[in-house]
Amino acid sequence: MNGIIICNQEIGHNQYKIERFKEEFSKQGIKLEVFLNDGTLANIVDSEIKINLPKCDFIIYLDKDIYLARLLEKAGYRLFNKADFIKLCDDKVLTFIACANKGIRMPKTFAGPLMYRDLTEENFAFLKTVEKELGYPMVVKKVYGSLGEGVYLVNSYDELKKLYSEIFRNPILFQEYIPSSKGKSLRIMVIDQKVIGGFIRYNHVDFRSNFGETADGRTLDNPEKYFGFAQDIADKLQIEYAGIDLLVGEDDNPILCEINSNAFFEEFEKVTGINVAEKVVDLIKRKMNYEQE
């Protein structure tokens, strides 16, 4: 068996994952080649998909380029994660839609209307509805983003109107603020539809627990309720690999924050001592044997 890793050209934190995957797969005698998504790996020529990659048994897909992912899947490649799940997680609104009506606690959420022209006073009427339902402080997020980027806390209508005027051309969501989780969240890792562990992140200078160098991770005390909550999500969404981020509600009750299909695990391995890369190897070996039968 041999595989490929596809990564965005801006490797960043994925470098750790790449090295750990190569290390653990090599122990099993499985070769991995790494390719950067430079826009040339797949295209459509003469009405047919043309793939500029060697044959392989599986692809570990460390990018969010859904177009390339779908081209590869249509050409017969098996991706970890699959394109549909990557899309579901990358679009924060789709994440909450997927989890709605399933008994999963989540913040009250409004999706901003898509805008194709400049704002008029009529467009700001929507903000009044959001203000009435969510109050202040209020969390505003760009639908696409990671590592705390594009996440804002607004404290008044003037702040909300100003921010909306700056980012309205982006898909946006508006959510209630969970004050008990200020600067605090949990990262729970799921592999092969099983919770394998988790840790808690703190940031004492920012409401975003995962933002910047001021954030740090620690082991979890009494994690059972959080693991059970995340396991319920893993079962209902049939998750192969993801990091589930939870907020801490009143009475320490877990609340869904987001799901990351391409979750970084350097901090997780260091805090918990759990070998994530090894478990991903086991997942892929089991899945490929199962799917080839």
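Every number in this text was worked out from the coordinates using simple rules, so none of it is lab data. Keep in mind that what you see is a predicted model, and the values were worked out from it rather than measured. Reconstructed Cβ throughout: ideal geometry from the backbone, glycine too, with neighbour counts over all protein chains shown.
Note down the magnitude of the dipole of segment 2-80 about its Cα centre, charges +1 on Lys and Arg C-beta and -1 on Asp and Glu C-beta and zero elsewhere, to the nearest 20 debye.
Working: 11 positive and 12 negative charges, 49 e Å.
Charge dipole, segment 2-80, about its Cα centre: 240 debye, nearest 20.
Quick one: Asp63, Asp57, fewest Cβ neighbours within 10 Å first, how do they rank?
On the way: Asp63 19, Asp57 16.
If I rank by nearby Cβ atoms, fewest first, I get Asp57, Asp63.
Report the one residue of Pro254, Leu134, Pro54 whose Cα lies farthest in the direction of the positive end of the charge dipole of the chain (charges on C-beta: Lys and Arg +1, Asp and Glu -1; origin at the Cα centre).
Projecting each Cα onto the dipole axis, the largest value belongs to Pro54.
Specify which residue in the list Met189, Val45, Pro113 is farthest towards the positive end of the charge dipole of the chain, using unit charges on the beta carbon of Lys, Arg (+1) and Asp, Glu (-1), about the Cα centre.
Checking the options against the dipole of the chain, the answer is Val45.
Along Cα→Cβ, 7 Å out, is where each label goes; now give me the distance between the ones at Asn101 and Glu73 in nm to one decimal.
Those two pseudo-labels are separated by 2.2 nm.
Grab segment 2-80 and count how many Lys pairs have their alpha-carbon atoms under 16 Å apart, sequence gap of 8 or more, or different chains.
Values: Lys17/Lys27; Lys17/Lys31; Lys17/Lys64; Lys22/Lys31; Lys31/Lys55; Lys50/Lys74; Lys55/Lys74.
The number of close lysine pairs in segment 2-80 is 7.
Go ahead and estimate [θ] at 222 nm for the chain from helices alone: -39,500 (n - 2.57) per DSSP H run with n ≥ 4, summed, over the residue count, rounded to 500. Walk me through the numbers before you get to the answer.
Values: 9 runs with 98 residues, N = 293.
The helix contribution divided over the chain gives -10000 deg cm²/dmol.
Answer rounded, prolate or oblate for segment 12-56, using the Cα gyration tensor with square roots of eigenvalues a ≥ b ≥ c: rounded when a/c is under 1.5, else prolate when a/b is larger than b/c, else oblate.
Since a/c reaches 1.5 but b/c is at least a/b, the shape of segment 12-56 is classed as oblate.
Output the pairs from Lys82/Lys225; Lys82/Lys285; Lys87/Lys236 with a Cα-Cα distance over 26 Å in this structure; if there are none, say none. Let's see the in-between values first.
Numbers: Lys82/Lys225 28 Å; Lys82/Lys285 16 Å; Lys87/Lys236 17 Å.
Distance filter (> 26 Å) returns Lys82/Lys225.
Label Tyr16 and Ser180 with points 7 Å out from Cα along Cα→Cβ: what is the distance between them in nm?
3.0 nm
When the chain is fully extended, how far beyond the present Cα-Cα distance does Phe126 get from Asn43, taking 0.36 nm per residue of separation? Mind dumping the intermediate values first?
Values: separation 83, 0.36 × 83 = 29.88 nm, distance 4.05 nm.
Net length gain for the segment: 25.8 nm.
What is the magnitude of the charge dipole of segment 109-177 about its Cα centre, with +1 placed on the Cβ of each Lys and Arg, -1 on the Cβ of each Asp and Glu, and no other charges, expressed in debye to the nearest 20? Before the final figure, lay out each step's value.
Working: 8 positive and 10 negative charges, 31 e Å.
With Lys and Arg at +1 and Asp and Glu at -1, about 140 debye.
Pick out, from Leu71, Gly243, Ile274, the residue whose Cα sits farthest towards the positive end of the charge dipole of the chain, with +1 on the Cβ of Lys and Arg and -1 on the Cβ of Asp and Glu.
Leu71
Under a point-charge model restricted to the Cβ atoms of Lys and Arg (+1) and Asp and Glu (-1), what is the dipole moment magnitude of the chain relative to its Cα centre, in debye to the nearest 20? Don't skip to the answer; put the middle values down first.
Numbers: 39 positive and 46 negative charges, 65 e Å.
In debye, rounded to 20, the chain gives about 320.
With a cut-off of at most 16 other beta carbons within 10 Å, and DSSP calling the residue loop, which trypsin sites (Lys or Arg not before Pro) in segment 102-163 qualify? Please list them. Numbers along the way, then the final one.
Working: sites: Lys102, Arg105, Lys108, Arg117, Lys128, Lys132, Lys141, Lys142, Lys161, Lys162; in loops: Lys102, Arg105, Lys108, Arg117.
Answer by residue number: Lys102, Arg105, Lys108, Arg117.
How far, in nm, would the chain grow between Asp84 and Thr219 when pulled straight, counting 0.36 nm per residue and subtracting the alpha carbon separation?
On the way: separation 135, 0.36 × 135 = 48.60 nm, distance 3.19 nm.
Residue separation times 0.36 nm, minus the Cα-Cα distance, leaves 45.4 nm.
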